[in-house]
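Novice: Have a look at this one before I ask anything.
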Ligand SMILES: [Zn+2]
């Protein structure tokens with residue numbers, strides 16, 4: 001019975017902690033205690049030593065939300081298969097919310113490992129936002145590896161890790177930090193760093209880029225066609241990036257955010273041994 005040690009909290013005694021985008025969130029001391037306990041029983045427990053004080057400072061708040069929240073935050077956040085948990089980092093409030101659903105069907109049971117990994121995932125977003133220059137230098141090689149891999153597959157090219165990093169750095173600065181990134185800029189970026197080593201003809205290159213930009217457009221407009229033919233290919237490239245660069249099978253995760261938000265790549269591999277030391281030292285700077 002694996003579920004015996006998992007977190008279950010009764011929805012009784014909940015206090016409102018206000019609303020995010022008009023939707024109410026609730027927490028309780030019991031929920032906070034259970035959340036800490038779940039985190040401590042996960043394999044990433046040692047990653048964040050001061051979790052209690054971060055909860056105290058409301059950097060992270062474990063809470064219950066309403067079902068409608070799950071739809072709203074689906075794009076920018078990690079959603080696991082059963083959709084029983086969802087955490088998100090809001091750059092607007094600079095806070096992390098960890099939602100534990102309390103509807104009757106799921107019984108509010110959340111596996112400890114999921115609490116651990118999801119919490120670390122969101123703290124890496126927090127770190128990327130609050131320590132941008134540290135983030136981009138610390139994970140330069142991983143970002144370079146990932147983006148060179150993805151675009152080499154997509155555009156049949158031989159982009160170096162160094163140029164892959166230049167792509168990641170540009171996306172981080174203009175897509176993730178400033179939100180000024182345009183489709184045209186993405187096309188120019190790829191033409192600069194990928195076209196020189198691509199074996200595609202001019203027409204093939206142009207058509208592939210157009211298809212890719214369409215796929216991202218559909219994704220950010222919540223259009224499920226981004227996961228169907230002919231666009232599925234682009235999702236597959238981002239998924240393969242995880243597999244070939246880090247040996248990670250992402251399962252059901254939708255991988256289009258990575259096209260614009262580089263921190264998502266590091267968040268998604270944050271539980272892997274290959275970045276353990278770096279993630280722990282990044283987490284130490286959060287206080
Ligand atoms: Zn994320």
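Nothing in this text is a laboratory measurement; each read-out follows from the coordinates by a stated rule. Since the model is a prediction, treat every value here as computed from it, not as a measurement. Neighbour counts are summed over all protein chains in view; Cβ atoms, including those assigned to glycine, are modelled from backbone coordinates with ideal geometry.
Novice: Can you give the FRET efficiency to the nearest 0.05 for residue 33 and residue 131, using r as the Cβ-Cβ distance and R₀ = 45 Å?
Specialist: For residue 33 and residue 131, the calculated efficiency is 0.95.
Novice: Tell me, in nm to one decimal, what length is gained between residue 199 and residue 180 on full extension, where the rule is 0.36 nm per residue of separation less the Cα-Cα distance?
Specialist: 3.8 nm
Novice: Could you tell me whether region 159-234 comes out rounded, prolate or oblate from its Cα gyration tensor? Rule is a ≥ b ≥ c as square roots of the eigenvalues, rounded for a/c under 1.5, then prolate if a/b exceeds b/c, otherwise oblate.
Specialist: Note, shape of region 159-234 comes out oblate.
Novice: Taking the mean number of other Cβ atoms within 10 Å as a proxy for protection, how do you rank 235-242, 210-217, 180-187, 46-53 from highest to lowest?
Specialist: Per-residue Cβ counts within 10 Å, averaged per peptide and sorted highest first, yield 235-242, 210-217, 46-53, 180-187.
Novice: On to the next question. If packing is taken as the mean number of other Cβ atoms within 10 Å per residue, what is the order of 254-262, 151-159, 129-137, 90-98, highest first?
Specialist: 254-262, 151-159, 90-98, 129-137
Novice: Here's another thing I want to ask about it. Once the piece of chain linking residue 206 and residue 52 is laid out straight, how much longer is it, given 0.36 nm per residue of separation minus the C-alpha distance between them?
Specialist: Extending this stretch completely gives an extra 50.3 nm.
Novice: Which order, highest average first, do 195-204, 169-178 follow once you tally other Cβ atoms within 10 Å for each residue and take the mean per peptide?
Specialist: Packing proxy ranking, top to bottom: 169-178, 195-204.
Novice: Further question on the same structure: Can you give the log10 of the normalised intensity I(q)/I(0) at q = 0.13 Å⁻¹, computed with Debye over equal Cα scatterers of region 133-284?
Specialist: These q points yield log10 I(q)/I(0) values of -0.56.
Novice: Tell me, in nm to one decimal, what length is gained between residue 243 and residue 94 on full extension, where the rule is 0.36 nm per residue of separation less the Cα-Cα distance?
Specialist: Value of the extension gain: 50.5 nm.
Novice: Still on this structure, please answer the following. 7 Å from Cα along Cα→Cβ at both residue 15 and residue 272: what's the point-to-point distance in nm?
Specialist: 4.1
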